[in-house]
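To keep things clear, I will list the structure first and then write my remarks on it.
The values are calculated or read from the model by the stated rules, or taken from the named source; none is laboratory data. Since we're looking at a predicted model, the values are computed, not measured. Cβ placement follows ideal geometry from the backbone for every residue including glycine, while neighbour counts extend to all protein chains displayed.
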Amino acid sequence: MKPRKVGECRILGELGKGGMATVYRAVHEPLQREVAIKELPAEASKDKEALSRFRREALALGAFRHQNIVTLYDLIEKGDALYMVMELVDGPTLGDLLREGALPPEVAAVIAAQIAAALEHAHFARIIHRDLKPSNVMITKAGEVKLMDFGIAKDEGLDKLTRTGTAVGTPAYMSPEQCTGGEVDARSDLYSLGVLLYESLSGKRAFTGPTAGEVFAKIAQGKLEKLKKAAPNAPAELRAIVTRAMQLKPDKRYFDISEMRRALDSWVSKHLTMSEHSLLMAFLRHRGKITESEALGRLSQTEMTIMRVFENPPPPPRRWRWVMAALIGAGATAAATHAQWWPWVNATLKLKLP
């Protein structure tokens with residue numbers, strides 16, 4: 001039977017299970033604050049690699065203080081089991097959102113920019129994530145992006161967790177050098193972020209195959225559907241960011257994650273007319289991931305109006321209406337050469353555009 005308490009935290013229930021760890025919802029009783037507890041059970045702690053990864057994740061999270069990285073509060077040993085007491089992130093994963101289709105360009109860019117900011121902080125601490133994937137990115141109900149799971153992170157200042165020649169990560173999101181077991185540096189995360197942005201804009205994975213080997217081969221050869229075809233409505237500037245991030249050779253990508261983050265921030269600043277938190281909350285409400293009351297509890301009346309942008313897209317700019325009117329007029333003139341089209345011409349010419 002699972003312990004009812006871990007340190008000063010009382011376990012309320014299970015949140016999820018994956019790999020060798022289980023995550024629980026709990027409450028830190030002295031502060032009455034809800035937290036998440038990640039457990040490495042006693043039987044799993046006997047696995048040296050699992051134990052090393054768990055401790056490595058705790059060390060990595062303990063080194064971070066960033067709004068886009070989940071916060072670690074404590075590491076507790078109880079018997080032969082290990083527990084990480086962490087910030088409770090209440091919201092869907094990026095994977096949950098992508099299962100329902102592609103994201104609007106603004107939403108995809110904001111999420112990618114915040115992931116880039118988290119990676120910038122991690123890379124400054126000389127820690128490479130190495131496992132960027134949709135299930136490791138969460139969007140809180142307050143519209144914040146949180147990067148999770150540093151279980152296979154590599155600290156460039158420490159010995160490597162795995163031997164050279166061993167591929168570690170999730171196949172579809174690995175960089176070419178990572179899937180071949182080559183030397184990996186921070187530019188590998190940069191490539192994986194490009195893969196995430198590709199999927200966010202297109203709604204489909206960049207690399208697929210029946211086996212990991214086939215996926216690895218496609219990644220190594222750069223065999224993927226061009227984003228222009230996979231996501232024809234994606235803005236050219238965002239497609240260019242993805243293309244550069246996903247270059248096969250690391251030295252052809254952005255110099256570092258800071259440069260990619262600035263490119264994303266630049267695009268967002270030019271195309272976003274509301275706060276990033278408001279945009280993400282509006283999208284979560286649109287997808288049914290938060291309730292109306294949850295939105296009302298955080299957004300102002302002005303922001304609530306903004307929230308309707310996904311239910312009621314704004315009309316095209318007035319200048320485009322004049323173009324549309326001109327095209328209609330041109331069509332009417334051409335049609336007027338045929339007597340049978342006169343009733344249609346008369347109706348068209350009486351159109352009044354606001």
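Just a few scattered comments:
- Test for Thr71: is it over 13 Å from the mean Cα position of the chain (by Cα) and closer than 22 Å to Leu193 by Cβ: yes
- Output for segment 36-53, where each listed residue is without any contact (Cβ under 8 Å) to a residue 40 or more places away in the chain and surrounded by 18 or more Cβ atoms within 10 Å (Cβ to Cβ): Ala44, Ser45, Ala50
- Residue within segment 197-205 that is within 18 Å of the chain's Cα centre (by Cα), basic (Lys, Arg) and under 22 Å from Gly95 (Cα atoms) present: yes
- When each of Gly194, Gly213, Gly222 is tested for being assigned by TED's automatic domain parsing to the domain that holds Asp131, under 18 Å from Leu98 (Cα atoms) and either in contact with a strand residue (DSSP E or B) (Cβ under 7 Å, 6 or more places away or on another chain) or not charged (D, E, K, R) (or both), the lone residue that passes is Gly194.
- Taking each residue of segment 122-148 that is among the polar types (S, T, N, Q) and looking for partners that are assigned to a strand (DSSP E or B) and surrounded by fewer than 21 Cβ atoms within 10 Å (Cβ to Cβ) with beta-carbon atoms closer than 6 Å, six or more apart or interchain, yields Ser135/Thr93.
- A single member of Arg56, Arg33, Arg25 is without any contact (Cβ under 8 Å) to a residue 12 or more places away in the chain and either surrounded by 12 or more Cβ atoms within 10 Å (Cβ to Cβ) or polar (S, T, N, Q) (or both), and it is Arg33.
- Tyr254 passes every criterion in (1) in a loop (DSSP other than H, G, I, E, B); (2) over 15 Å from Ala112 (Cβ atoms); (3) of a type in the set (Ser, Thr, Tyr) apart from (2).
- Scanning segment 128-187 for residues that are basic (Lys, Arg), at pLDDT below 90 and over 24 Å from Ser202 (Cβ atoms) turns up Lys154, Lys160, Arg163.
- Criterion (surrounded by fewer than 16 Cβ atoms within 10 Å (Cβ to Cβ), modelled with pLDDT under 85, part of a strand (DSSP E or B) and not polar (S, T, N, Q)) met by exactly one of Lys17, Lys2: Lys17
- Test: residue in segment 252-263 that is in contact with a Pro (Cβ under 8 Å, 6 or more places away or on another chain) and either in contact (Cβ under 8 Å) with a residue 24 or more places away in the chain or not aromatic (Phe, Trp, Tyr) (or both): no
- Selection from segment 265-282 of residues that are part of a helix (DSSP H, G or I) and of a type in the set (Ser, Thr, Tyr): Ser266, Ser269, Ser278
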